[in-house]
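A.B. asks: Submitted below is the structure of interest, expressed as structure tokens.
The values are calculated or read from the model by the stated rules, or taken from the named source; none is laboratory data. None of these values were measured; they are calculated from a predicted model. A quick note on method: Cβ atoms are made from the backbone with ideal geometry, for glycine too, and the neighbour counts reach across all protein chains shown.
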Amino acid sequence: MIGVFVLLVIAAVVCVQLGAWQLDRSLERGEAGARAAQEKMLAAPKRPLDEVLAPQSQFKADHLGAKVEATGTFGDQVLIPNRLVDGQSATLIVADFVISEGPAAGAHLPVLRGWVPADRAGVRDGSAFGLEDPALTPPEGVQTISGFLANSEQESTPSRIPGTLTHLSSAQLVGLWGNPIYTGYLVADATRGSLTVAPPPDLVKDSGRNWQNLGYAAEWFIFGGFALALWAKMVRDEARHQQRDREASA
């Protein structure tokens, strides 16, 4: 009987270890899949924006990182200060891009044109500064731009400082630019002036675990739990049997 107990305990320990290994594998495979998706995203050809996403339509998971191009004109700009980009304190420069061609003509596309160090633009003494810098102004006239689609950030408390936002949120921008507006935004892959191009969406950073390995991990944990439950039942049964023997011999 003791040998059976030992075997069950060993089986439970092995199952838990195998489950933990599968959890690690699920993370590794999830990150590997995300890296492959990131490489595919960067190498993908450009597609017309209206073939991928329409104004005021739901931004879905497969829209993230799509490489698109659009034609239109730049409008007003806003600043999003207090960001960290490539380890530097930065301010994002976001512009209204009004589509001029196709079925979405007249729609507003938020464009992350790039970023500058926080001392070039942002908030100082309760006021925005930097928007008047000619080096940060967008080009005039009809432009064709390209970049990667990203999901609108979650809306938070609106900024009380004119010319700034707390997040790159279409819900906040619609109050400034009006409808129709895209629910996502474009991370421009090229810029001008003293702006630095913002990094494309990071699919690896937001990657999850591989579901197949998660399933295997759950199975091993269940097997381990079953072995422990069986061990506990055998211990209880043995205790009851010994109790009955003592009562019978009394």
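A.B. asks: Please work out which residue is surrounded by the most Cβ atoms within 10 Å (Cβ to Cβ), limiting yourself to the range 172-186 and to residues that are more than 20 Å from the chain's Cα centre (by Cα) and not hydrophobic (A, V, I, L, M, F, W, C).
C.D. replies: Top of the filtered list is PRO180.
A.B. asks: Taking the range 172-187 only, how many residues are of a type outside the set (Phe, Trp, Tyr) and closer than 19 Å to ALA61 by Cα?
C.D. replies: Within the range 172-187, residues that are of a type outside the set (Phe, Trp, Tyr) and closer than 19 Å to ALA61 by Cα number 5.
A.B. asks: Does LEU168 qualify as being in a loop (DSSP other than H, G, I, E, B), assigned by TED's automatic domain parsing to the domain that holds GLY130, modelled with pLDDT of 90 or more and buried (at least 21 other Cβ atoms within 10 Å of the Cβ)?
C.D. replies: Answer is yes for this residue.
A.B. asks: Further question on the same structure: Within the group LEU136, LEU149, which residue is touching a residue at least 24 places away in the same chain (Cβ under 8 Å), over 23 Å from GLY65 (Cβ atoms) and surrounded by 22 or more Cβ atoms within 10 Å (Cβ to Cβ)?
C.D. replies: LEU136
A.B. asks: Report, by residue number, each residue of the range 91-106 that is within 25 Å of the chain's Cα centre (by Cα) and either outside any strand (DSSP E or B) or closer than 30 Å to PRO45 by Cβ (or both).
C.D. replies: Of everything in the range 91-106, those that are within 25 Å of the chain's Cα centre (by Cα) and either outside any strand (DSSP E or B) or closer than 30 Å to PRO45 by Cβ (or both) turn out to be LEU92, ILE93, VAL94, ALA95, ASP96, PHE97.
A.B. asks: Just to verify a result, which residue in the range 70-91, among those that are surrounded by 22 or more Cβ atoms within 10 Å (Cβ to Cβ) and either in contact with a Lys or Arg (Cβ under 6 Å, 6 or more places away or on another chain) or not β-branched (Val, Ile, Thr) (or both), is nearest to LEU53 (Cα to Cα)?
C.D. replies: Per the stated criteria, the residue is ALA70.
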